[in-house]
Amino acid sequence: MTDCIFCKIINGEIPNAKVYEDDKVYAFLDISQVTPGHTLLVPKKHVCDIFEYDEHLASEVFSRLPKIAKALQQALPDMKGLNILNNNREIAYQTVFHSHIHLIPRYQEKEGFQLEFTNNQDNYQTEEFQALAQKINHNFE
Ligand code: 5GP
Ligand code: ZN
């Protein structure tokens, strides 16, 4: 896509710090470096978000995660953990609309990146909980 910043990075039209490349994906350091080594993995094919993937593209892209994670661990021995994050659409904090997966190395508990989940378990009755699962499950039949 001509107007896409990540397509331009993949095509070498914008300077970037490449971490990994093969025929299907490209990985480079995120300019914001939330923590040192913060990397983005992107499909070479322009897709906006997860809703535009099929299983084949997903296997091409997501299958690369373990080896990039291991390369980060090798390169960054102080890394104690890794968050893998994929934002989809604006409400979910996506700002660049060429799908990408963040790999964010973690070195200590409080640092540039915080992820907090609210536990709403008490708001659900068992029946409601099952009904919600069924409503989703129904779409695979
Ligand atoms: P999102 O918020 O869409 O999940 O993440 C987009 C990410 O792209 C941000 O973390 C941002 O720092 C990164 N980013 C945006 N523009 C550029 C750029 O030109 N080069 C690089 N390396 N990263 C970028
Ligand atoms: Zn693109």
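Has the range 58-68 got any residue that is of a type in the set (Gly, Ala, Ser) and either touching a residue at least 12 places away in the same chain (Cβ under 8 Å) or crowded, with 19+ Cβ neighbours inside 10 Å (or both)? Looking through the range 58-68, none of the residues is of a type in the set (Gly, Ala, Ser) and either touching a residue at least 12 places away in the same chain (Cβ under 8 Å) or crowded, with 19+ Cβ neighbours inside 10 Å (or both).
With respect to (1) free of Cβ contacts under 8 Å to residues at least 40 places away in the same chain; (2) of a type outside the set (A, V, I, L, M); (3) on the phi > 0 side of the Ramachandran plot; (4) more than 9 Å from ligand 1 (Cβ to nearest atom), the lone exception for Thr2 is condition (3). Counting only residues that are more than 21 Å from Lys18 (Cα to Cα), outside any loop (DSSP other than H, G, I, E, B) and within 16 Å of ligand 1 (Cβ to nearest atom), the range 43-100 holds 6 of them. Would you confirm whether or not the range 69-76 contains a residue that is within 16 Å of ligand 2 (Cβ to nearest atom), among the hydrophobic types (A, V, I, L, M, F, W, C) and on the phi < 0 side of the Ramachandran plot? So far as the range 69-76 goes, no, none of its residues is within 16 Å of ligand 2 (Cβ to nearest atom), among the hydrophobic types (A, V, I, L, M, F, W, C) and on the phi < 0 side of the Ramachandran plot.
Quick one: which residue in Leu82, Leu76, Leu72 is in contact with a helix residue (DSSP H, G or I) (Cβ under 6 Å, 6 or more places away or on another chain) and more than 17 Å from Ile10 (Cα to Cα)? Write out each step before concluding.
Values: Leu76 fails: in contact with a helix residue (DSSP H, G or I) (Cβ under 6 Å, 6 or more places away or on another chain); Leu72 fails: in contact with a helix residue (DSSP H, G or I) (Cβ under 6 Å, 6 or more places away or on another chain).
Selected residue: Leu82, the only one of Leu82, Leu76, Leu72 that is in contact with a helix residue (DSSP H, G or I) (Cβ under 6 Å, 6 or more places away or on another chain) and more than 17 Å from Ile10 (Cα to Cα).
List the number of the failed condition for Glu90; all other conditions in (1) at positive phi; (2) surrounded by fewer than 12 Cβ atoms within 10 Å (Cβ to Cβ) hold. Tallying (1) at positive phi; (2) surrounded by fewer than 12 Cβ atoms within 10 Å (Cβ to Cβ), Glu90 fails exactly one: (1). Within the range 2-33, being away from ligand 2 (no atom under 12 Å from the Cβ), in a loop (DSSP other than H, G, I, E, B) and surrounded by fewer than 16 Cβ atoms within 10 Å (Cβ to Cβ) holds for Gly12, Pro15, Ala17, Asp22, Asp23, Lys24, Ile31, Ser32, Gln33.
Identify, from the list Ile101, Ile91, the residue that is more than 18 Å from Phe6 (Cα to Cα) and at pLDDT 95 or above.
Working: Ile101 fails: more than 18 Å from Phe6 (Cα to Cα).
Step by step, each of Ile101, Ile91 is checked, and only Ile91 is more than 18 Å from Phe6 (Cα to Cα) and at pLDDT 95 or above.
Can you go through His102, His56 and tell me which one is away from ligand 2 (no atom under 15 Å from the Cβ), closer than 23 Å to Leu115 by Cβ and of a type outside the set (Lys, Arg)?
Details: His56 fails: closer than 23 Å to Leu115 by Cβ.
Among His102, His56, only His102 is away from ligand 2 (no atom under 15 Å from the Cβ), closer than 23 Å to Leu115 by Cβ and of a type outside the set (Lys, Arg).
The values are calculated or read from the model by the stated rules, or taken from the named source; none is laboratory data. Just so we're clear, the structure is a prediction, and the values are computed from it rather than from any experiment. Cβ sites come from the backbone with ideal geometry, for glycine too, and all protein chains shown count toward neighbours.
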